[in-house]
Amino acid sequence: MNAATSSRTVGGSNIRRGLGWMAVALLTAGPWGGAAPASGDPPANPLERPGVVTMKGKPVTLLGPDLGVGATAPDFRVVDASFVPVRLSDFNEKVVLISAVPSLDTPVCSLQTKHFNDDVQSLPADVVVLTISMDLPFAQKRFCTAEKVDRVHVLSDHVWREFGERYGLLIKDMGLLARSVWVVGRDGKVLYREIVPEISHQPNYEAALAAVRQACAP
């Protein structure tokens, strides 16, 4: 092998080594060129709200904004028992009561859902009641059949978590929704909000229904 050939071979080897190091650097860099986050560690959420509610006396952290009365109710997607998407915007110009529960497979959540299912009969015809949980649609369907819940829309936030994240209800490290009740007016504004301080307790049904009736008043 002559000197020129040797030079080309060594140069090619150096180029390949250089490209190899560049590839490693790109693969281990974060999206802006910094170090990549450790595997399995989610990015910090700037909207963490610790201690807003407790579960059996133990404080938990909610993820998402502190959405209050008077705010525009964010649109969101959930799914029904057939995984068909349902949006809040599907009920524009209606008064909407949203009952959020951690899981229908618990006594308090079951009571809350059946309570509002019974209350619908006493409300104006254009009021829509949604029950939302992180339960799979299959489980929700079994619950509704067994408990004869057929007057409210029982919907799952399991697919996209948009409701929980946009309404500040997603419980960190649990993937459940904080127990709460919301009333959204015909103008799309939040008229009533109760985030139950202790998740194992029931909400104030009378106050929520009074807010619905007030929203329906001429």
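Rule-based calculations on the coordinates, nothing more; no lab input. Just so it is clear, the model here is predicted, and its values are computed rather than measured. Every residue, glycine as well, gets a Cβ built from its backbone with ideal geometry; the counts of neighbours run over all protein chains shown.
In the set Phe116, Phe83, which member is among the hydrophobic types (A, V, I, L, M, F, W, C) and either under 23 Å from Leu67 (Cβ atoms) or assigned to a strand (DSSP E or B) (or both)? Let's see the steps before the verdict.
Details: Phe83 fails: either under 23 Å from Leu67 (Cβ atoms) or assigned to a strand (DSSP E or B) (or both).
Of Phe116, Phe83, the one residue that is among the hydrophobic types (A, V, I, L, M, F, W, C) and either under 23 Å from Leu67 (Cβ atoms) or assigned to a strand (DSSP E or B) (or both) is Phe116.
Those helices (runs of 4 or more DSSP H) of segment 128-218 in which at least 2 residues are surrounded by 16 or more Cβ atoms within 10 Å (Cβ to Cβ) and under 12 Å from the mean Cα position of the chain (by Cα), considering only elements entirely within it, cover 162-166. There is no residue in segment 139-147 that is in contact (Cβ under 8 Å) with a residue 12 or more places away in the chain, polar (S, T, N, Q) and under 25 Å from Glu48 (Cβ atoms).
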